[in-house]
Amino acid sequence: MRIGIINNGLGNVGSVLSAIRFYKYNVSLVEKSRDIKESDVLVLAGVGNFKTAVSKIKEYKLWDLIDEEVTENKKPVLGICLGMQLFANKSYEDGETDGFGWISGEIVKIKDKSVRIPHIGWNEVIGSDRHIFNNLRYNSFYYMHSYHFLPEDREVIIAITKYGDLEIVAAVKSSNIVGVQFHPEKSQADGLRLYRNILEGFK
């Protein structure tokens, strides 16, 4: 299984690469059309601004290719933090920007005066997918975000985390598409196990 992490110039992709390599997977950073087509699994990672992420991927002329691989060729894709948010129809971060639209919904700012924003730190994740959240010790993962995903269909939500009075979507799954809002690569042993669980499920 060849795993291609989209090299979108948004940072954090190196940490994701190192974490996935822990289990000796055949994984590399990809930015050329041929490499993306030859990858069996795609990973969308990165931290930062939604609009910037869309602009970068389009600047590298990868947007349409990634969309085709996921929607038409049904290639498995894993989205991490900002990568998961790109699954949505649109985000309101720095104005309205369209995402891939793979999972219907919107990215909106966290609004809860009782908690700190951005949401940075460890939170317990309550997962419903027995395979992805199997064999974890603490079920606690590291977050770093100010915006969160509101899917139209609650059935795609496979994990949530409670933050103040909010119930934040922690993970989504739809067919060949899996995304997590937190950072497994920053979440120690449970994060590594989660990567393995997701990737093994793609086989």
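General observations
- Legend: distances between Cα atoms for Lys37/Lys111; Lys61/Lys111; Lys24/Lys51; Lys90/Lys111; pairs beyond 28 Å are Lys37/Lys111; Lys61/Lys111; Lys24/Lys51.
- Separation in nanometres of the label points that stand 7 Å from Cα toward Cβ, at Trp122 and Ser104: 3.9
- Selected from Pro118, Pro151, Pro184 as most flexible by GNM, with the chain as the system and alpha-carbon contacts under 10 Å: Pro118
- FRET E, pair Ala189, Ser33, Förster distance 30 Å, beta-carbon r, rounded to 0.05: 0.25
- Efficiency of FRET between Arg137 and Thr71 - r from beta-carbon atoms, R0 45 angstrom, step 0.05: 0.80
- Qualifying chymotrypsin sites (Phe, Trp or Tyr not before Pro) in region 85-141, where qualification requires a DSSP coil assignment and no more than 12 other C-beta atoms within 10 Å, comprise Tyr138.
- Dipole size of region 1-89 about its Cα centre, with +1 on Lys/Arg Cβ and -1 on Asp/Glu Cβ: approximately 220 debye, rounded to the nearest 20.
- DSSP bridge orientation in region 2-201 - percent antiparallel, rounded to nearest 5: 60
- Spin-label model, Arg130/Ser114: points 7 Å from Cα along the beta carbon direction are separated by 3.4 nm.
- Whether region 1-94 is rounded, prolate or oblate, judged on the alpha carbon gyration tensor where a/c under 1.5 counts as rounded: oblate
- Stretch in the chain that is longest and holds no GluC sites (Glu not before Pro) that DSSP places in a loop and that have at most 12 other beta carbons within 10 Å: 1-71
- Given their separation in residues at 0.36 nm each and the Cα-Cα distance between them, Ser175 and Lys58 gain 39.6 nm when the chain is fully extended.
- In summary, the aspartates and glutamates within cross-link reach of Lys75, defined as a Cα separation below 18 angstrom excluding same-chain residues under 8 places away, comprise Glu31, Asp35, Glu38, Asp40, Asp64, Asp67, Glu200.
- 3J(HN,Hα) couplings calculated from phi for region 13-24 with the Karplus curve 6.51 cos²θ - 1.76 cosθ + 1.60 (θ = phi - 60°) are, in sequence order, 5, x, 5, 5, 4, 4, 5, 5, 5, 3, 9, 6 Hz; Gly and Pro show x.
- Modelled this way, with points 7 Å down the Cα-to-C-beta line, the labels at Asn89 and Glu200 are 3.7 nm from one another.
- (1) -0.36, -1.00, -1.15; (2) -0.41, -1.06, -1.20; (3) -0.60, -0.89, -0.96, with the label sought being that of the calculated log10 I(q)/I(0) by the Debye sum over Cα atoms at q = 0.10, 0.16, 0.17 Å⁻¹: (1)
- Here the sum of -39500 (n - 2.57) over DSSP H runs of 4 or more residues, divided by the residues of the chain, equals -7000 deg cm²/dmol at 222 nm, to the nearest 500.
- Within a Gaussian network of the chain (alpha carbon springs, distance under 10 Å), most fluctuating of Val70, Val169, Val115: Val115
- Overall, the chain carries a charge dipole of about 680 debye about its Cα centre when +1 sits on the Cβ of Lys and Arg and -1 on the Cβ of Asp and Glu, all other atoms neutral.
- Net length available on complete extension from Glu96 to Ser18 is 24.8 nm, with 0.36 nm assigned per residue and the Cα-Cα distance removed.
Read-outs throughout are calculated quantities, based only on the coordinates presented, and are distinct from any laboratory measurement. Note that the structure is predicted; figures quoted are calculated from it, not measured. Using ideal geometry, Cβ is built from the backbone for each residue, glycine included, and neighbour counts are taken over all protein chains shown.
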